[in-house]
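Colleague: Take this structure first; my questions come after.
The values are calculated or read from the model by the stated rules, or taken from the named source; none is laboratory data. Since the model is a prediction, treat every value here as computed from it, not as a measurement. Note that we place each Cβ from the backbone using ideal geometry, even for glycine, and neighbour counts take in every protein chain shown. Surface areas here come from the heavy atoms of the whole protein model, side chains and all, with no ligands, DNA or RNA. Shrake-Rupley method; radii C 1.70, N 1.55, O 1.52, S 1.80 Å.
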Protein chains: 2
Amino acid sequence: MSRNVTVCLTPELIHLEDLSGKLVIVVDIFRATSCMVAGMASGIQSITPVATVEECLTLKSNGYISAGERGGVKIPEFHLGNSPFDYMQPSLKGKKIATTTTNGTLAIKKSAEADEIVIGSFLNFSSVKDHIKSSDKDVIIHCAGWKGSFNLEDTTFAGGLLKELSKELSFQSDASFMACQLWEKSKEGGLYNFLMKSAHANRLAGMGIEKDLAYCCQLDEFNILPKIVGEDIITC
Amino acid sequence: MSRNVTVCLTPELIHLEDLSGKLVIVVDIFRATSCMVAGMASGIQSITPVATVEECLTLKSNGYISAGERGGVKIPEFHLGNSPFDYMQPSLKGKKIATTTTNGTLAIKKSAEADEIVIGSFLNFSSVKDHIKSSDKDVIIHCAGWKGSFNLEDTTFAGGLLKELSKELSFQSDASFMACQLWEKSKEGGLYNFLMKSAHANRLAGMGIEKDLAYCCQLDEFNILPKIVGEDIITC
């Protein structure tokens, strides 16, 4: 029997999936998982996602670098915001980061029962794809969405992965079909232009982070596979 | 300020919406709301959606015609299944029907806090569109989905409505954008051929109900607007 891959459109729907024994790919393109991939590729030792600002501040007081946002805006007491460029500073090499974000952290927490949790983004697209191909597990692509709702960028990423996996894995759900349609559509004018039509890109547009968004749309900047081990994101 | 229309992809996400004061369009193309529209247009007096088979059997013992399905299959003790042709029998004119279905009934029940609940399908597409245009309320298109998950046919219907409403109502969510993409895509090879790619059409394909599915894809068979009043669907 062939392996299956399914797409979960938001953390609000993950309870419909049986996570046991599964490989879960968590994706929050704008910007949490893109930050995590960029940071781990730049030499950060570990990233610890936590649910609340308070937990993040506690870890900060224990020597962690604090990072994250609420509503797309950096939290004033934190060292870093939620830009991939924040995470790529040379001074962070070997450091431990604690982070909390609106959507990505929740998707990670809600994936806890999976056998394996991998951090996905366009920045490490082929690393994720190759890992899925070499695995023997069924796969769930867990889109972080936006405050519980569907979003364009995470589902388009899922569609891209599905297209690359169509020979090795089977998928029949309407969410998978729709994700593939979005990926195909994104090719017409280019991925960046397509994702600039997303509601989240429009929300973030007034915040002067266009270069963040453009960077998050780059494919295969890094050959790296951050994974959740215990409470932390590390690279194996 | 312009009126808003949003798309809720499944009843599992309706708690993210504030229903108070809203006009909700419930849609379950394959086949619950298509049946309701066909039945009400054929002279049925009222349709009472209930959550369980047991409730439906209780109403049956009180003189109602019982109808519905579980997993796409007619319930043996019921008079009718879940085919629009079942609902259009001349002998049902003036009769009261009690019905329970996998997805459509749930979407109706979960819309209860709305100011107004209308039954939508391709069969009464323009009636729904015209009613929305003449209303002064914000609108939520509540897709019944499939066991809590996104489905293709209900969201494509939502996309079609949005396209017709783009001058009068504003919509910015990614779900709306995606729904419009699906509607546009469906025009390439025709609505029926597009929706035959859906997982639910494939699930139902072995059950010999191809003519049901084709009928549910017909636009504007009826000029009728079934609404929920109290516990019942009636036409005003």
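Colleague: Restricted to region A:168-179, and to residues that are polar (S, T, N, Q) and open to solvent by 10 Å² or more (accessible area, probe 1.4 Å), which residue is farthest from the other protein chains (Cβ to nearest Cβ)?
Modeller: Here the answer is A:SER170.
Colleague: Which one is farthest from B:VAL24 (Cα to Cα) among residues in region B:121-132 that are among the polar types (S, T, N, Q) and open to solvent by less than 10 Å² (accessible area, probe 1.4 Å)? Give the steps one after another, and end with the answer.
Modeller: Just the residues of region B:121-132 that are among the polar types (S, T, N, Q), to begin with: B:121, B:124, B:126-127.
Going one step further and asking which of them are open to solvent by less than 10 Å² (accessible area, probe 1.4 Å), we end up with B:121, B:124.
Values: B:SER121: 13, B:ASN124: 15 Å.
Among them, the one singled out is B:ASN124.
Colleague: Within region B:203-221, how many residues are closer than 23 Å to B:GLY71 by Cα, away from every other protein chain (no Cβ under 14 Å) and in contact (Cβ under 8 Å) with a residue 40 or more places away in the chain?
Modeller: The qualifying residues number 8.
Colleague: Checking B:LEU165 against (1) over 20 Å from A:CYS8 (Cα atoms); (2) within 11 Å of chain A (Cβ to nearest Cβ), which test does it fail?
Modeller: All conditions are met except number (2).
Colleague: Moving on to the next point. How about region A:1-13: which of its residues are out of contact with any Leu (no Cβ under 8 Å at 6 or more places or on another chain) and not in a strand (DSSP E or B)? Give the steps one after another, and end with the answer.
Modeller: Kept after step one, since they are out of contact with any Leu (no Cβ under 8 Å at 6 or more places or on another chain), are these residues of region A:1-13: A:1, A:6.
A:MET1, the sole residue that qualifies.
Colleague: Next question, about the same structure. Quick one: in region A:180-202, of everything that is of a type in the set (S, T, N, Q) and within 12 Å of chain B (Cβ to nearest Cβ), which residue is most open to solvent (accessible area, probe 1.4 Å)? Step through it out loud before you land on a result.
Modeller: Filtering region A:180-202 down to residues of a type in the set (S, T, N, Q) leaves A:181, A:186, A:193, A:198, A:202.
Imposing the further condition that a residue be within 12 Å of chain B (Cβ to nearest Cβ) reduces the set to A:181, A:186, A:198, A:202.
Working: A:GLN181: 42, A:SER186: 4, A:SER198: 0, A:ASN202: 99 Å².
Looking at residues that are of a type in the set (S, T, N, Q) and within 12 Å of chain B (Cβ to nearest Cβ), I get A:ASN202.
Colleague: Are any residues in region A:133-162 open to solvent by 20 Å² or more (accessible area, probe 1.4 Å) and either within 14 Å of another protein chain (Cβ to nearest Cβ) or within 18 Å of the chain's Cα centre (by Cα) (or both), and if so, which ones?
Modeller: A:TRP146, A:LYS147, A:SER149 - these are the residues of region A:133-162 that are open to solvent by 20 Å² or more (accessible area, probe 1.4 Å) and either within 14 Å of another protein chain (Cβ to nearest Cβ) or within 18 Å of the chain's Cα centre (by Cα) (or both).
Colleague: Looking at B:GLU113, is it modelled with pLDDT under 95 and open to solvent by 10 Å² or more (accessible area, probe 1.4 Å)? Give the steps one after another, and end with the answer.
Modeller: Details: modelled with pLDDT under 95: no; open to solvent by 10 Å² or more (accessible area, probe 1.4 Å): yes.
Answer is no for this residue.
Colleague: Condition test on B:GLY104, is it touching a residue at least 12 places away in the same chain (Cβ under 8 Å) and open to solvent by 40 Å² or more (accessible area, probe 1.4 Å)?
Modeller: Numbers: touching a residue at least 12 places away in the same chain (Cβ under 8 Å): yes; open to solvent by 40 Å² or more (accessible area, probe 1.4 Å): no.
In short, no.
Colleague: Every residue in region B:1-15 that is closer than 18 Å to B:ASP136 by Cα and either touching a Gly at 6+ places or on another chain (Cβ under 8 Å) or at the interface with another protein chain (Cβ under 10 Å from one of its Cβ atoms) (or both), please.
Modeller: So the first thing to find is which residues in region B:1-15 are closer than 18 Å to B:ASP136 by Cα, and the list is B:1-7.
Within region B:1-15, B:THR6, B:VAL7 qualify.
Colleague: Please list, ordered by first then second residue, the pairs with beta carbon atoms under 6 Å, 6 or more apart or interchain, first in region A:63-77 and closer than 21 Å to A:LYS96 by Cβ and free of Cβ contacts under 8 Å to residues at least 40 places away in the same chain, second part of a strand (DSSP E or B) and among the hydroxyl-bearing types (Ser, Thr, Tyr).
Modeller: Short answer, once both residue conditions are applied: A:ALA67/A:THR99; A:GLY68/A:THR99; A:GLY68/A:THR100.
Colleague: Then there is this: So which residues in region B:15-42 are open to solvent by 30 Å² or more (accessible area, probe 1.4 Å) and either free of Cβ contacts under 8 Å to residues at least 60 places away in the same chain or on the phi < 0 side of the Ramachandran plot (or both), if there are any at all? Break it down stepwise before answering.
Modeller: Restricting attention to region B:15-42, the residues satisfying the condition of being open to solvent by 30 Å² or more (accessible area, probe 1.4 Å) are B:15-18, B:20-22, B:41.
If the condition is that a residue be open to solvent by 30 Å² or more (accessible area, probe 1.4 Å) and either free of Cβ contacts under 8 Å to residues at least 60 places away in the same chain or on the phi < 0 side of the Ramachandran plot (or both), then B:HIS15, B:LEU16, B:GLU17, B:ASP18, B:SER20, B:LYS22, B:ALA41 are the ones that fit.
Colleague: B:GLY120: closer than 17 Å to A:ASP174 by Cβ and within 16 Å of the chain's Cα centre (by Cα), yes or no? Explain how you work it out, then say what you get.
Modeller: Values: closer than 17 Å to A:ASP174 by Cβ: no; within 16 Å of the chain's Cα centre (by Cα): yes.
Against the criterion (closer than 17 Å to A:ASP174 by Cβ and within 16 Å of the chain's Cα centre (by Cα)), B:GLY120 does not qualify.
Colleague: Among the residues of region B:107-152, what is the count of those that are touching a strand residue (DSSP E or B) at 6+ places or on another chain (Cβ under 7 Å), more than 24 Å from B:SER198 (Cβ to Cβ) and of a type in the set (Gly, Ala, Ser)?
Modeller: Qualifying residue count, region B:107-152: 2.
Colleague: If you don't mind, there's one more thing I want to ask. Restrict the check to region A:59-67 and report whether at least one residue is in contact with a Pro (Cβ under 6 Å, 6 or more places away or on another chain) and open to solvent by 10 Å² or more (accessible area, probe 1.4 Å). Quick ask: steps written out before the conclusion?
Modeller: Here is the first cut: in region A:59-67, the residues in contact with a Pro (Cβ under 6 Å, 6 or more places away or on another chain) are none.
No - not one qualifying residue is present in region A:59-67.
Colleague: Continuing with the same structure: Out of curiosity, is B:ASP130 under 24 Å from B:GLU17 (Cα atoms) and either under 13 Å from the mean Cα position of the chain (by Cα) or free of Cβ contacts under 8 Å to residues at least 24 places away in the same chain (or both)? Spell out how you get there, then give the answer.
Modeller: Numbers: under 24 Å from B:GLU17 (Cα atoms): yes; either under 13 Å from the mean Cα position of the chain (by Cα) or free of Cβ contacts under 8 Å to residues at least 24 places away in the same chain (or both): yes.
Judged against the criteria, B:ASP130 is a match.
Colleague: Another one. Conditions first: (1) at pLDDT 95 or above; (2) out of contact with any Pro (no Cβ under 8 Å at 6 or more places or on another chain); (3) crowded, with 22+ Cβ neighbours inside 10 Å. A:VAL118 passes all but one, so which condition is the exception?
Modeller: Among (1) at pLDDT 95 or above; (2) out of contact with any Pro (no Cβ under 8 Å at 6 or more places or on another chain); (3) crowded, with 22+ Cβ neighbours inside 10 Å, A:VAL118 violates only (2).
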